[in-house]
Amino acid sequence: MKKVTVFIAVFPMLFFSCGKGIVSPSKLLEKYYGYLKKNDIESANTLWHDSFECGYKLVDWHFAPPLTDQVSLYASYERNVTVVRENENVALMKLDLISGEGDTLRLDYCAKKISDRWKLVNSPEIECANWDSVLIGDDIVVRHSPTYSYSKLFYSSLAALYGKAKILLGYEDGKKRQVFLVPSQAGVSFLSYSFKLIPSRSFSACGIVFSKYTLESRHRDMININARLAARELIHVVAFDIFGHDGYSVPLLREGLATYFCGTDGIPTEVCMSQAINMVDSIPSLSELLDLDVFYSHRNLYYGAAATFIDFLVNKYGWDKLKEIYKRSSSIEDFKISIESISSLDSLDVMWKNYIRGLHVEIPKTWRGMTDFEI
């Protein structure tokens, strides 16, 4: 395990000097990991306050979706808890997990006094308590710091992207989704407990999205770039609701579906797919792309390739067949089995590559002639 640095110096932390609760925050965190070590997930969850009403276990965002092997491994490590700040009602803690080899992983935890007892809470409950909320349509709640305001065009673009995906996927559930807009990647990473700088992140089972909103840019399409960043994470949320999982284990489907509707990193779908068309001979086989290390090794190219794979399945076999395959593909092995209802993986790879070679997409005017797609 490599040493990881988490960026947290983004928002002012609203903490003051000491105060004691019935159970101290550090004791609470130790108790939590004690339950995890025994694999007592039910008891571990009683120590959390689920302010977002996810109705999903674990609500600890360090392990959501819960990865049982990872949780058990981390809980077996030596632990060192440091209470960074604490007042009568809120505490911030840093937890160092130290492996047998001496490697250290640092995680941030927040605690809040609920009904006179300390409970673990997710960072936004503290950091975003006074943020403004804007309802978009019937089911998207956009939350942002009152320091900033956002374009109506952004809201309409976000609603249009999300609405199109719901129509094509046949999704009619009216559950409200929360989108937290943050003006930096560091802010997204802090609020979502990411170990690295990221432009956006979703917690599919909870219906929660964090997304960077770039306030100043010379790019002509910046408002839509911001909308696409948030919308693609909402696709993962919809997928979870429809299929019972968001395709995390099969990124060819997961990232392919999100890129098909919303592009990636704010880059339009057409641009992503055109890169795959122009570099089709550099795209590995389907069986190779099922290897997560391979798939994520060339993110921009392979995300676009995955979008063409979704386009291929939809055009050749229809949305119902795609949805059937996605639903059955909660693991790579399940994907291989489900895809056999169409053809062998090797034969399908040949058909897909031939489909790409005959594919033409129209690049949006604001993106024509661009060679550098870093946002």
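The values are calculated or read from the model by the stated rules, or taken from the named source; none is laboratory data. If you're wondering where the values come from, they're calculated on a predicted model, not measured in any experiment. Neighbour counts are summed over all protein chains in view; Cβ atoms, including those assigned to glycine, are modelled from backbone coordinates with ideal geometry. For accessibility, only protein heavy atoms count, side chains too; no ligands or nucleic acids. Shrake-Rupley method; radii C 1.70, N 1.55, O 1.52, S 1.80 Å.
In the chain, the calculated helix contribution to ellipticity at 222 nm averages -13000 deg cm²/dmol per residue, counting -39,500 (n - 2.57) for every DSSP H run with n ≥ 4. Sequence-distant contacts, meaning Cα pairs under 8 Å at least 6 residues apart, place the relative contact order of the range 101-244 at 20 percent. Under a 5 Å amide H cut-off, with hydrogens placed 1.01 Å from N, Ile114 pairs with Lys119 among residues at least 5 apart or on other chains.
Among rounded, prolate and oblate, which fits the range 263-308 when a ≥ b ≥ c are the square roots of the eigenvalues of its C-alpha gyration tensor, a/c under 1.5 means rounded, and a/b larger than b/c means prolate?
Here the range 263-308 falls in the oblate category.
Looking only at the chain, where both bridge partners belong to it, what percent of the DSSP beta bridges are antiparallel (to the nearest 5)? Walk me through the numbers on the way to the answer.
Working: 32 of 43 bridges.
DSSP beta bridges in the chain are roughly 75 percent antiparallel.
Our summary gives the chain a relative contact order of 13 percent, counting only alpha carbon pairs under 8 angstrom and 6 or more residues apart.
Compared with the alpha-carbon gap, the fully stretched path from Leu168 to Ser43 is longer by 41.0 nm at 0.36 nm per residue. In this structure, the amide hydrogen of Val84, modeled 1.01 Å from its nitrogen in the peptide plane, lies closer than 5 angstrom to those of Leu92, Met93, Lys94, counting only residues at least 5 positions away or on a different chain.
With protein chains left intact and a 1.4 Å probe, residues in the chain average 46 Å² of accessible area per residue.
For the chain, which whole percent of the accessible surface, found with a 1.4 angstrom probe, sits on carbon and sulfur atoms? All intermediate terms of the calculation are to be shown ahead of the outcome.
Numbers: 8420 of 17100 Å².
Result for the chain: 49 percent of the exposed heavy-atom area is carbon or sulfur.
The 3J(HN,Hα) values that the Karplus relation (6.51, -1.76, 1.60; θ = phi - 60°) gives for the range 245-257 are, in residue order, 7, 9, x, 3, 7, 10, x, 4, 7, 4, 6, x, 5 Hz. Gly and Pro appear as x.
Each label point was placed 7 Å from the Cα along the Cα-to-Cβ direction; for Asn315 and Ser331 their separation is 3.4 nm. In this structure the amide hydrogen of Ile140, modeled in the peptide plane, comes within under 5 Å of the amide hydrogens of Arg177, none closer than 5 places in sequence on its chain. Compared with the direct C-alpha span, the chain from Glu88 to Asp138 gains 14.2 nm at full extension, assuming 0.36 nm per residue. Distance between the modelled labels on Met279 and Glu324, one decimal in nanometres: 3.4 nm (7 Å Cα→Cβ projection). Taking the centroid of alpha carbons for each part, the range 318-372 and the range 89-146 are 37 Å apart.
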